[in-house]
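Chemist: The structure under discussion is supplied below as structure tokens; questions concerning it will follow.
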Amino acid sequence: MYTNIKLEASWLKHLENEFQQPYMQTLKNFLQIEKQQGKTILPKGSLWFNALNSTPLDKVKVVILGQDPYPTIGHAHGLCFSAMPEVRPLPKSLINIYKELQDDLNIDNFHTPYLQPWADQGVLLLNAVLTVEAGKSNSHQGKGWERFTDKIIEVVNRECESVVFILWGAYAQKKGSSIDTTKHMIIKSPHPSPLSAYRGFFGSRPFSRTNSFLVSKGKEAIDWQL
């Protein structure tokens, strides 16, 4: 199942050994059994590692951590909070992200849910869990993906300089607890979901704060306009 998946070279250098680890073999077996039972796994296999393939390690400037893919067929494409261009209505958390972006930088992105241009500029849009069963949120939690994505965060933390980690909600903040704050910037706030956005996500200005930090380190700011 992993053998026909292509991983961008800069990531493969640091992650290749993970695929030989027992936990990844267990995860592989789980996914194979799910498929054999006729369950639909989202996103499609070629997009499981889209976040890594879209944003090579040496290009990473920002990391946004999500939880798991959208469980609706046709939505997820391997980037957290992002959905395929034709998806309507926009996912609720993404609407709140866009509201904050509009308040923060006066940018209107409500015409599209597709965040691929962010990834292409160096924003690693990483979910903690890279697959889900169609129609069942969180159905692949605790199967091994979390350990793999912890390794990804570890690699960024060690190999990169002056990265902004945007950690929305307690889950992301716990996952990013080992990040070296002497090397990197961490932006924390409540999650943008409708349940928690009004508890401090709105008004947190993550986009302007990210760009201010990047520019202060001699890096190019992210163009958040889609």
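The values are calculated or read from the model by the stated rules, or taken from the named source; none is laboratory data. As the structure is a computational prediction, the values presented were derived from the model and not from experiment. Positions of Cβ are generated from backbone atoms using ideal geometry, with glycine treated the same way; all protein chains shown enter the neighbour counts. The accessibility values were calculated without ligands, DNA or RNA, using every heavy atom of the protein model including side chains. Shrake-Rupley method; radii C 1.70, N 1.55, O 1.52, S 1.80 Å.
Chemist: Dipole of the range 152-226 (Lys/Arg Cβ +1, Asp/Glu Cβ -1, origin at the Cα centre): which of VAL156, GLN225, PRO206 lies farthest to the positive side?
Modeler: PRO206
Chemist: Now, a different point. For the range 1-141, just the Cα atoms, rotate onto the principal axes and tell me the three extents in Å, largest first.
Modeler: Principal-axis extents of the range 1-141 (Cα, largest first): 47, 35, 21 Å.
Chemist: Can you pick out the pairs among LYS39/LYS59; LYS35/LYS175; LYS44/LYS183; LYS6/LYS219; LYS13/LYS92; LYS188/LYS217 whose Cα atoms lie more than 31 Å from each other? Please list the in-between numbers first.
Modeler: Details: LYS39/LYS59 35 Å; LYS35/LYS175 28 Å; LYS44/LYS183 35 Å; LYS6/LYS219 29 Å; LYS13/LYS92 36 Å; LYS188/LYS217 20 Å.
Cα-Cα > 31 Å for LYS39/LYS59; LYS44/LYS183; LYS13/LYS92; rest within.
Chemist: Moving on. Quote the charge dipole size of the chain about the Cα centre in Debye, to the nearest 20; the model charges only the Cβ of Lys and Arg (+1) and of Asp and Glu (-1). The partial results should precede the final answer.
Modeler: On the way: 25 positive and 21 negative charges, 88 e Å.
My answer is approximately 420 debye.
Chemist: Next question. Could you sort SER137, SER189 by accessible area so the largest value comes first, with the probe set to 1.4 Å? Please report the intermediate quantities before stating the final value.
Modeler: Details: SER137 75, SER189 10 Å².
Sorted by accessible area, descending: SER137, SER189.
Chemist: If you don't mind, there's one more thing I want to ask. May I have the convex hull volume per residue, in Å³, for the Cα set of the range 72-157?
Modeler: Details: hull volume 9.3 nm³, N = 86.
It comes to 108 Å³ per residue, whole-number rounded.
Chemist: Please work out the ratio of the alpha-carbon Rg of the range 77-117 to 2.2 N^0.38 Å and round it to two decimals.
Modeler: Numbers: Rg = 9.8 Å, N = 41, 2.2 N^0.38 = 9.0 Å.
Scaled against compact globular proteins, the figure is 1.08.
Chemist: If you don't mind, there's one more thing I want to ask. Using amide H atoms built 1.01 Å from N in the peptide plane, name the residues 5+ places from ILE166, or on other chains, whose amide H lies under 5 Å from its own.
Modeler: Placed amide hydrogens put VAL63, ILE64, LEU65, ILE187 under 5 Å from ILE166.
Chemist: Would you work out which of SER196, ASN17, GLY66 lies farthest towards the positive end of the dipole of the chain? Charges go on Cβ: Lys and Arg +1, Asp and Glu -1.
Modeler: SER196
Chemist: Where the centroid of each part is defined by its Cα atoms, how far is the range 36-95 from the range 139-183 in Å?
Modeler: The range 36-95 and the range 139-183 have Cα centres separated by 17 Å.
Chemist: Select from the range 18-108 those GluC sites (Glu not before Pro) which occupy a DSSP coil region and have at most 12 other Cβ atoms within 10 Å, ordered by residue number.
Modeler: Details: sites: GLU18, GLU34, GLU86, GLU100; in loops: GLU86.
Loop-located and lightly packed - GLU86.
Chemist: Using the Karplus equation 6.51 cos²θ - 1.76 cosθ + 1.60 (θ = phi - 60°), what ³J(HN,Hα) coupling, rounded to whole Hz, does each residue of the range 216-226 give in order, writing x for Gly and Pro?
Modeler: Per-residue couplings from phi come out as 5, 9, x, 9, 6, 5, 7, 8, 7, 6, 9 Hz.
Chemist: Can you run phi through the Karplus equation (6.51, -1.76, 1.60; θ = phi - 60°) for the range 92-104 and list ³J(HN,Hα) in whole Hz, with x for Gly and Pro?
Modeler: Karplus-based 3J(HN,Hα) across the range 92-104 equals 5, 5, 5, 4, 5, 4, 5, 4, 5, 4, 5, 5, 6 Hz.
Chemist: Report, in degrees rounded to the nearest 10, the 0 to 90 angle that the Cα long axis of helix 22-36 makes with the longest principal axis of the chain.
Modeler: 70
Chemist: While we're here: Please report, in cubic angstrom per residue, the volume enclosed by the convex hull of the alpha-carbon atoms of the range 128-226. Let's see the in-between values first.
Modeler: Values: hull volume 13.3 nm³, N = 99.
Convex hull of Cα atoms, per residue: 134 Å³.
Chemist: For the range 149-226, with every protein chain kept in place, what is the accessible area per residue (1.4 Å probe, Å²)? Could you put the intermediate results ahead of the total?
Modeler: Values: 3780 Å² over 78 residues.
Value for the range 149-226: 48 Å² per residue.
Chemist: Also: Per-residue accessible area for HIS191 at 1.4 Å probe radius, Å² rounded to 10?
Modeler: 50
Chemist: Right, another one. Evaluated at 37 °C with a viscosity of 0.692 mPa s, what Stokes-Einstein diffusion coefficient in µm²/s does the range 1-70 have when Rh comes from the Kirkwood expression over alpha-carbon pairs?
Modeler: Values: Rh = 13.7 Å.
Stokes-Einstein gives a translational diffusion coefficient of 240 µm²/s.
Chemist: Using θ = phi - 60° and the Karplus curve 6.51 cos²θ - 1.76 cosθ + 1.60, what whole-Hz ³J(HN,Hα) does each residue of the range 129-135 get, with Gly and Pro shown as x?
Modeler: Working through the residues one at a time gives 10, 9, 9, 7, 7, 3, x Hz.
Chemist: Right, another one. Which GluC sites (Glu not before Pro) in the range 118-226 sit in a loop by DSSP (not H, G, I, E or B) and have at most 14 other Cβ atoms within 10 Å of their own Cβ? Present the calculation step by step, with values, prior to reporting the outcome.
Modeler: Details: sites: GLU133, GLU146, GLU154, GLU159, GLU161, GLU220; in loops: GLU161, GLU220.
Sparse-neighbourhood loop GluC sites (Glu not before Pro): GLU161, GLU220.
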